[in-house]
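To keep things clear, I will list the structure first and then write my remarks on it.
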Amino acid sequence: MRPHTHPRRIAVALTAAATVAAGLTLAPGSANAADIPVGSGSYSDARPPGTAGPEDSQGNPVTPQVTDAMAGQPVPTNDWWSSLVFKRYADNPYSQPMYGHPLSYKAVASGLEVGYPSQATVNGGSFEYPHRADLTLGVAGLNSPDTKADGWSDWTVSPYWEDAGHTFRATIGHGSPYVYAEATGGNAQVTASGAPEVFADEGSVLGVSVGGHDYALFAPSGSDWQVSGSEISADLGGQEYYSLAVLPDRAALAEYTRYAYSFVTGSTVAWDYDEAGGAVEATYTLATEAREGSETGTIQALYPHQWQHTSDELTAYEYASARGTMKVRAAASFTTRQDVTGVLPALPASDGVDQGQLTAFVNEVADSANIGVGDTYWSGKAFGRLAQLVPIADQIGATEARDSLLTAIKSRLEEWFTAGGETGFAYDAAWRTLTGYPASYGSDRELNDHHFHYSYYVLAAAMVAQYDPAWAEESAWGGMVEELVADAANPARGDDRYPFLRGFDVYAGHSWAAGHQGFAAGNNQESSSESVNLSAGLIMWGSATGDTELRDLGVYLLTTESEAIRQYWFDGDEENFPADYQHNTVGMVWSNGGAHATWWTGNPEEIHGINVLPVTGGSLHLARDKDAITRNLAELEQENGGPPDEWKEILWEFQALADPAAARAAYEGDGGGTYSPEAGESWAHVYHWIHTLDAIGAPDTSVTADSPTAAAFSDGTTTTYAAHNYGGSEQTVTFSDGTHLTVPPNSSASTTG
């Protein structure tokens with residue numbers, strides 16, 4: 001990653017910082033509200049009259065619950081631990097269950113509940129590994145009125161408790177089998193859910209079994225753990241720290257003792273796109289501090305999407321989790337490497353389409369191209385529908401239609417990107433977020449789904465930038481595009497206006513939808529495909545504007561989330577879902593499991609389709625596991641009692657990524673082009689997608705390229721190579737099988753080698 005700061009952002013950051021420093025809170029519609037100029041556009045620093053911002057479930061406004069040490073820092077919402085800072089329920093000032101894996105946590109008045117959810121509960125279409133407290137960590141006498149966040153990093157967080165005579169601080173994180181505790185005002189106190197079985201007692205090191213799980217407690221040297229009933233305590237001898245670990249096996253006690261005093265103080269991911277090698281590497285590093293001795297290493301548990309793509313040495317230890325088996329590495333860092341599946345503005349030209357039919361379909365949309373006034377999500381869907389047709393119209397020489405589509409997109413984006421109209425964006429200085437109004441699906445009150453909504457704007461803007469670079473300049477409308485990017489997926493940790501990668505959980509490998517994480521099951525994400533839509537948009541936007549930082553960010557996000565989707569939504573290896581779970585796909589991933597469901601319906605078509613739409617040139621990664629697609633659609637037909645009745649065109653496009661001939665047969669045999677498709681789709685795009693893939697074959701993701709905007713397709717006998725060149729000079733793309741494709745400037749090209 002190569003961070004940089006835009007000069008424009010510095011100026012705006014100073015404005016925001018001055019506002020915060022002055023303690024100024026602008027009410028919606030306040031006379032003090034101001035429009036903040038960004039190139040040709042602007043946003044407001046106050047919400048429109050009559051609208052709402054973040055609030056609890058009773059409609060009361062809320063502010064981030066952080067300690068004084070973290071005041072003024074951009075707060076990570078949409079994370080696995082966000083209920084610490086976003087108190088969704090007025091009667092719970094602590095937290096909801098938080099799932100770090102392998103451990104689960106919940107903040108309560110007396111400290112931190114800790115459990116190890118190792119057994120799945122299957123209930124119909126859902127499975128979960130629920131939080132059950134085995135131990136509660138704290139300090140004797142602690143009865144805190146609330147819990148706040150006292151620090152965070154890329155995948156760790158430090159909740160903090162304080163009452164009149166005590167303080168307690170814990171550091172917890174994804175993949176960490178340890179909890180690192182700091183306590184003042186009394187002895188370390190650990191309360192078990194029942195009388196613990198002591199299996200090791202070495203003074204400052206105590207091994208106990210609670211709830212069927214083995215834990216180790218580590219106090220400073222010279223301390224001695226005492227057990228009385230369900231209470232475990234130790235005099236810390238003025239050192240004011242202790243730690244806990246869940247053991248994969250009692251025999252691991254000595255190994256885990258070695259690292260028990262190497263306290264984790266932070267976590268950082270760094271990614272590097274190896275363009276020439278067609279791969280992306282990501283290194284996950286924990287910062288540590290030796291509280292005793294000189295050991296600064298640690299132990300991390302890797303998820304399947306990580307351990308399957310690392311060559312780093314792993315131990316023989318394993319943990320169970322809601323994501324499948326986690327494997328253990330004894331080191332402070334590890335690196336993954338994954339092949340990159342490219343994205344395309346559109347599928348390549350082929351002889352599989354009837355030019356007259358496709359032109360008629362394109363003109364039908366272009367003749368009525370209009371994006372009305374709607375909320376951020378449904379406006380975004382309308383942007384996406386038109387944007388997909390721009391390169392198709394260009395491909396078939398329908399220049400007038402192409403320009404009509406571009407005009408409609410630009411006109412409506414400019415209205416959204418200008419404060420004071422019927423639609424626009426407003427910045428919340430308390431939560432460090434940019435929200436579009438009219439809002440929807442909790443994007444305002446709960447800070448939900450920003451990455452879903454804004455993905456459509458970014459991808460549509462990338463299509464405009466491809467044909468009108470001047471429009472996309474920062475000094476024109478590109479500045480507002482990058483404000484949306486910064487809100488949803490800011491790559492800069494040091495930015496004081498937006499948190500780092502708001503929606504994307506770098507260790508979990510995918511995004512989260514709920515801004516507050518206010519559920520017993522943790523956080524959730526339904527439409528992983530709309531999250532990928534943002535990543536694909538970043539690749540195209542960065543390529544079109546020459547911003548390699550954003551391009552490479554998109555490559556990292558899409559490549560990582562693609563594997564998480566394959567593993568955790570589609571169970572591609574058929575090893576991660578519980579053995580007695582009867583489905584091979586979930587519509588929603590939760591922190592503690594998954595659900596064969598959607599938020600709004602139980603119809604099989606939507607459950608199977610919600611992680612497919614929108615179908616774009618960024619959807620090619622789904623073809624990495626064609627067997628999973630086949631299983632997915634076979635289950636759909638079984639549940640439905642036959643082929644789909646709703647979202648048929650979305651599911652045909654999905655099928656075409658594995659079996660284009662079958663998808664075309666379904667299209668032609670079931671009225672393709674004769675009814676209204678899903679709101680974000682058009683018959684022009686569906687027709688082009690299915691008939692093109694039928695002609696050139698499904699994506700061949702085993703072939704990579706030295707460009708992120710290139711892809712290969714195979715029909716079993718012939719391979720078609722396609723690429724788009726966003727640059728102003730001729731480009732030669734080299735594919736991993738040795739094929740070379742020369743692409744003219746600002747053009748797409750393809751060859752059969």
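Eigenvalues of the alpha-carbon gyration tensor of region 530-580, scaled by 5 and square-rooted, set the equivalent ellipsoid semi-axes at 30, 8, 5 angstrom, largest first. Each pair of Cα atoms in region 607-753 enters the Kirkwood radius, and Stokes-Einstein at 25 °C and 0.890 mPa s then converts it into a translational diffusion coefficient of 152 µm²/s. Helix 528-545 and the longest principal axis of the C-alpha atoms of the chain enclose an angle of approximately 60°.
Scoring 54-62, 455-463 by mean Cβ neighbours within 10 Å over their residues and listing the highest first yields 455-463, 54-62.
The listed residues 502, 329, once ranked by accessible area (1.4 Å probe) with the largest placed first, stand as 329, 502. Could you tally the net charge around residue 136, taking each other residue with its Cβ under 11 Å from the Cβ of residue 136, Lys/Arg +1 and Asp/Glu -1? Taking every other residue near residue 136 into account, the sum is -2. Note on region 371-490: Cα convex hull, mean projected area over all directions, 7.2 nm². Each peptide in 520-532, 472-484, 731-743 was scored by the mean count of other Cβ atoms within 10 Å over its residues; highest first, the order is 520-532, 472-484, 731-743.
Modelled this way, with points 7 Å down the Cα-to-C-beta line, the labels at residue 249 and residue 199 are 1.1 nm from one another. Summary of packing: across the peptides 377-383, 314-320, the per-residue average of other C-beta atoms within 10 Å ranks them, highest first, as 377-383, 314-320.
Roughly what percent of Cα-Cα pairs across region 616-676 reach past 13 Å? Percentage above 13 Å: 61. Annotation: extensible slack from residue 519 through residue 221 equals 103.3 nm (criterion: 0.36 nm per residue apart, minus Cα-Cα distance). Under 28 Å of direct C-alpha separation, and excluding same-chain neighbours fewer than eight residues apart, residue 87 reaches these lysines: 106, 148.
For region 70-90 versus region 725-753, the spacing of their alpha-carbon centroids is 46 Å. Suppose a student asked you for the relative contact order of the chain, using Cα pairs under 8 Å spaced at least 6 residues apart; what percent would you report? Dividing the mean separation by the residue count of the chain yields 14 percent.
Accessible surface comparison of 601, 268, probe 1.4 Å, protein chains only, largest first: the order is 268, 601.
Legend: translational diffusion of region 29-84 by Stokes-Einstein, Rh = Kirkwood radius over C-alpha pairs, 4 °C, 1.567 mPa s; D = 92 µm²/s. What value does region 483-526 have for Rg/Rh, both radii from Cα atoms and Rh as Kirkwood defines it? Value, to two decimals: 1.01. Can you tell me the relative contact order of region 504-590? Whole percent, Cα pairs under 8 Å, sequence separation 6 or more. That works out to 29 percent.
Counting charges near residue 699 (Lys, Arg +1; Asp, Glu -1) among other residues having Cβ under 10 Å from its Cβ returns a value of +1.
Residue-normalised convex hull volume from the C-alpha trace of region 144-195: 104 Å³ per residue. Going by alpha carbons, how many degrees (0 to 90, nearest 10) lie between the helix axis of 376-387 and the longest principal axis of the chain? Tilt of helix 376-387: around 40 degrees. The length gained by stretching the chain between residue 674 and residue 399 to full extension, at 0.36 nm per residue less their Cα-Cα distance, is 96.5 nm. The convex hull defined by the C-alpha atoms of region 65-108 has an orientation-averaged projected area of 3.6 nm². Ratio of Rg to Rh for region 467-587: 1.05 [Cα atoms; Kirkwood radius as inverse mean 1/r over pairs]. For the pair residue 57 and residue 661, the difference between a 0.36 nm per residue extended length and the Cα-Cα distance amounts to 212.5 nm. Each listed q (0.18 Å⁻¹) maps to a log10 I(q)/I(0) for region 71-141, found by the Debye formula over equal Cα scatterers with no solvent: -0.81.
Restriction of the GluC sites (Glu not before Pro) in region 198-256 to DSSP coil positions whose beta-carbon has at most 15 other beta-carbons within 10 angstrom yields 202. Computed with a 1.4 Å probe over protein heavy atoms only, the accessible area of residue 685 comes to about 10 Å².
Along the axis of the charge dipole computed for region 164-312 (Cβ charges of +1 for Lys and Arg, -1 for Asp and Glu, origin at the Cα centre), the listed residues 294, 217, 192 are led at the positive end by 192. How high is the FRET efficiency between residue 351 and residue 600 when r is their beta carbon distance and R₀ equals 45 Å, given to the nearest 0.05? Between residue 351 and residue 600 the formula returns 0.65.
Counting only protein heavy atoms and using a 1.4 Å probe, the accessible area of residue 407 comes to about 80 Å².
The distance separating the Cα centre of region 105-143 from that of region 353-385 comes to 49 Å. Against the chain, whose longest principal axis is taken from its Cα atoms, helix 683-696 shows a tilt of about 90°. Over region 399-451, the Kirkwood radius and the radius of gyration, each from Cα atoms, give a ratio Rg/Rh of 1.12.
Put simply, the C-alpha atoms of region 145-303 give a gyration tensor, and the ellipsoid matching it has half-axes of 30, 19, 14 Å, longest first.
Calculation over all alpha carbon pairs of the chain in 10 angstrom steps from 0 returns a P(r) of 3, 14, 24, 25, 18, 10, 4, 1, 0 percent.
Each other residue within a Cβ distance under 9 Å of residue 282 adds +1 if Lys or Arg and -1 if Asp or Glu, for a net charge of -1. Would you kindly find the accessible area of residue 552, with a 1.4 Å probe and non-protein molecules such as ligands, DNA and RNA excluded, rounding to the nearest 10 Å²? Per-residue accessible area (residue 552): approximately 10 Å². Principal semi-axes of the equivalent ellipsoid, √(5λ) from the alpha carbon gyration tensor of region 81-222, are 23, 22, 14 Å from largest down. Counting only protein chain heavy atoms and rolling a 1.4 Å probe, the accessible areas of 633, 434 rank, largest first, as 633, 434.
The values are calculated or read from the model by the stated rules, or taken from the named source; none is laboratory data. Just so we're clear, the structure is a prediction, and the values are computed from it rather than from any experiment. Glycine also receives a Cβ, built like all others from the backbone with ideal geometry; neighbour counts cover every protein chain displayed. For accessibility, only protein heavy atoms count, side chains too; no ligands or nucleic acids. Shrake-Rupley method; radii C 1.70, N 1.55, O 1.52, S 1.80 Å.
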